[in-house]
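Taking it in order: structure first as structure tokens, then the write-up.
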Amino acid sequence: MTQPAISIKNLSKTYTSKDGGKKHALKNINLEIPQGSFFGLLGPNGAGKSTIINILAGLTLKSEGEINVCGFDLDKQTRQVKQSLGIVPQELILDPFFTVREALDFHAGYYGIPKSKRRTGEIIDALSLKDKSEVGARRLSGGMRRRLLIGKALVHTPKVLILDEPTAGVDIELRRQLWDYVRKLNANGTTIVLTTHYLEEADELCDQIAIINHGEIVAANSKEKLLAHLENKMIIFRLSSEITQIPANLQSYNCKILKNNRLEIQYNPAEVQISKILEEVTKSGLLITDIISEDAKLEDIFMQITSKKAA
Ligand SMILES: Nc1ncnc2c1ncn2[C@@H]1O[C@H](COP(=O)(O)OP(=O)(O)O)[C@@H](O)[C@H]1O
Ligand SMILES: [Mg+2]
């Protein structure tokens, strides 16, 4: 088996405040991010996503655990780890006095890339920053700053690109452009790690998903497998006439009468087959004119998992 892009073992982080109070931001996290994957780290605000990213970036010290990036130990092979990772932080921090071109060029210099091998122009083109290339960072809009930060993360052609909530506050058009570009990088072999609390985004982009809640990984699997394990599915029947009462043979199901002659049934696909539900509805004498079945969404899983933990 090829080694994972990132392997995290028993990672914990406790923040200690000045008054001695402790915050267990990460509790024994174990994660493997396969090479070449488009990996989504999902979780509500405060779950611990940025703490993981900041530890990878060397900005935050872990309390316990082991991290390997492309086979290199985060503590002992810092230089190789830095070369392997490109990190786009959640905060839009830039040196306000550099132009876009300078920021990219100096950053490449920081990685020791000789002038002849720098990809400054290529990155400016790829991220549609050409019009702004001679503009100082302080005059860039939020979306442009985000692009510049992505550009900076790419100057050394990292094997793994990590994006911490990259589309917070970014308009739809730019979001689409960004994703097209990141998808291309992924198709060319770059491992992508994305943290987000926009589930639709992860649903659309990611092939591997981990869900973090209160500093713990509560689910980690391929997106397909996660969706397949959804316990709660819903089917809606549109009927030929108004329904006022749930038929006797359907009363053991989780039924709800909706407006416009519709009947909703929630079921657990692991326990009940859809054909059985159809059979019962037909038997009850209700005339079906249409059936609406929605694909399971990441959002449903997320709600199930996070609400269970809170209970
Ligand atoms: N420097 C810090 N000092 C103390 N607590 C922190 C610090 N940074 C983050 N935290 C806390 O750790 C938890 C996880 O934060 P964070 O990793 O930023 O979450 P996320 O990125 O998932 O929103 C939160 O409860 C947050 O308040
Ligand atoms: Mg965060």
Legend entry - Test set (1) crowded, with 17+ Cβ neighbours inside 10 Å; (2) more than 15 Å from ligand 1 (Cβ to nearest atom); (3) over 20 Å from the mean Cα position of the chain (by Cα); (4) not aliphatic (A, V, I, L, M) - GLN80 fails condition number: (1)
Inset, instruction - Look at LYS62 and say whether it is charged (D, E, K, R), modelled with pLDDT of 95 or more and away from ligand 2 (no atom under 16 Å from the Cβ). - result: yes
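Test of understanding: among LEU26, LEU92, LEU59, which residue is in a strand (DSSP E or B), at negative phi and within 16 Å of ligand 1 (Cβ to nearest atom)?
LEU26
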Legend entry - strands (runs of 3 or more DSSP E) completely within segment 205-277 that count 2 or more residues being over 17 Å from SER293 (Cβ atoms) and not assigned by TED's automatic domain parsing to the domain that holds ILE288: 208-213, 216-222
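Among the listed residues ALA187, ALA202, ALA168, identify the single one that is among the aliphatic types (A, V, I, L, M), loosely packed, with under 15 Cβ neighbours inside 10 Å and under 23 Å from THR306 (Cα atoms). Show your work before the answer.
Working: ALA187 fails: under 23 Å from THR306 (Cα atoms); ALA202 fails: loosely packed, with under 15 Cβ neighbours inside 10 Å.
On inspection, the qualifying residue turns out to be ALA168.
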Legend entry - Pair list, Cβ under 9 Å, 6 or more apart: segment 195-211 residue farther than 9 Å from PHE38 by Cα, other residue of a type in the set (Val, Ile, Thr) and open to solvent by 20 Å² or more (accessible area, probe 1.4 Å): ALA210/ILE217; ALA210/VAL218; ILE211/ILE217; ILE211/VAL218; ILE211/ILE305; ILE211/THR306
Inset, instruction - Could you please tell me which pairs satisfy a Cβ distance under 6 Å, a separation of 6+ or placement on different chains, a first residue in segment 132-149 that is closer than 17 Å to LEU178 by Cα and open to solvent by 30 Å² or more (accessible area, probe 1.4 Å), and a second residue that is β-branched (Val, Ile, Thr) and in a helix (DSSP H, G or I)? - result: LYS132/VAL100
Legend entry - Unmet criterion (only one of (1) under 16 Å from the mean Cα position of the chain (by Cα); (2) within 11 Å of ligand 1 (Cβ to nearest atom); (3) open to solvent by less than 10 Å² (accessible area, probe 1.4 Å)) for PHE39: (2)
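The values are calculated or read from the model by the stated rules, or taken from the named source; none is laboratory data. Computed from a predicted structure; not experimentally measured. Cβ: placed from backbone, ideal geometry, glycine included. Neighbour counts: every protein chain shown. Just the protein is used for accessible areas: all its heavy atoms, side chains included, with ligands, DNA and RNA removed. Shrake-Rupley method; radii C 1.70, N 1.55, O 1.52, S 1.80 Å.
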